[in-house]
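This report refers to the structure that appears directly beneath it.
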Amino acid sequence: MNPAHAHTLRELLRTQQVAALGTLHAGRPYVSMVPFAVLPDGSGFIIHVSELAAHTRDMLLNPQVSLLIVAPPTPEVPPQALARVTIQGRAAQYADGTDGHAAATAAYLSRFPQSAELFGFADFSLFAILPDSIRFVGGFAQATTISSQTLADVLSQA
């Protein structure tokens, strides 16, 4: 990944806090909104969701998911040229006390400290979205597919 694209991707994931989450709902595509954080090692994304939400039930039945994160629109950039990244991967639930739960909680609360109270609700749990395929679009006609390792490397750079 070239340095300019790496910078754009880092900034996109640093500045945007919400993603569109795609799940399979009764065999059909279903898209919802979720706040997200990045795992400390850059290996995936963390979401904190309620069991009352359709997307949570969907992930428990079929862990194949997709996340879409898009830069905000601006008057000078056509919508087709907005930076964006689509992550296809697997949702893995992090139960209390399991490996990675503490680090995932810390990463999420570092980004969303106002969500601390929700961690006391019994119906909320953390999921890691672990990428299989990542498609990054840095602008118009600037698309590239990157590996999970490339994403982790990009996110580890200052």
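The values are calculated or read from the model by the stated rules, or taken from the named source; none is laboratory data. Since this is a predicted model, take the numbers as computed values, not measurements. In this analysis, Cβ positions are derived from the backbone assuming ideal geometry, glycine residues included, and neighbour counts consider all displayed protein chains. All accessible areas refer to the heavy atoms of the entire protein, side chains included, with ligands and DNA or RNA removed. Shrake-Rupley method; radii C 1.70, N 1.55, O 1.52, S 1.80 Å.
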So which residues in the range 50-63 are in contact with a Ser or Thr (Cβ under 8 Å, 6 or more places away or on another chain) and touching a residue at least 40 places away in the same chain (Cβ under 8 Å), if there are any at all? Ser50, Glu51, Thr56, Met59
List, please: which pairs have Cβ atoms under 7 Å, are six or more places apart or on different chains, and start with a residue in the range 129-158 that is at positive phi and end with one that is assigned to a helix (DSSP H, G or I)? Gly139/Ala81
Assess whether Ala91 counts as being surrounded by 14 or more Cβ atoms within 10 Å (Cβ to Cβ), within 19 Å of the chain's Cα centre (by Cα) and assigned to a helix (DSSP H, G or I). no
Does Ala128 qualify as being over 14 Å from Leu21 (Cβ atoms) and among the aliphatic types (A, V, I, L, M)? no
From Leu82, Leu68, Leu126, which residue is touching a His at 6+ places or on another chain (Cβ under 6 Å) and either of a type in the set (A, V, I, L, M, F, W, C) or at pLDDT 95 or above (or both)? Leu126
Kindly list, by first and then second residue, each pair from a residue in the range 1-20 that is more than 15 Å from Asp153 (Cα to Cα) to a residue that is surrounded by fewer than 14 Cβ atoms within 10 Å (Cβ to Cβ), limited to pairs with Cβ atoms under 8 Å and residues at least 6 apart or on different chains. Gln16/Pro72; Val18/Met33; Ala19/Met33; Ala20/Val31; Ala20/Met33
Got at least one residue in the range 71-78 being part of a helix (DSSP H, G or I), open to solvent by less than 50 Å² (accessible area, probe 1.4 Å) and farther than 23 Å from Ser50 by Cβ? no
Of the conditions (1) of a type in the set (A, V, I, L, M); (2) buried (at least 19 other Cβ atoms within 10 Å of the Cβ); (3) assigned to a strand (DSSP E or B), Met33 fails just one. Which one is it? (2)
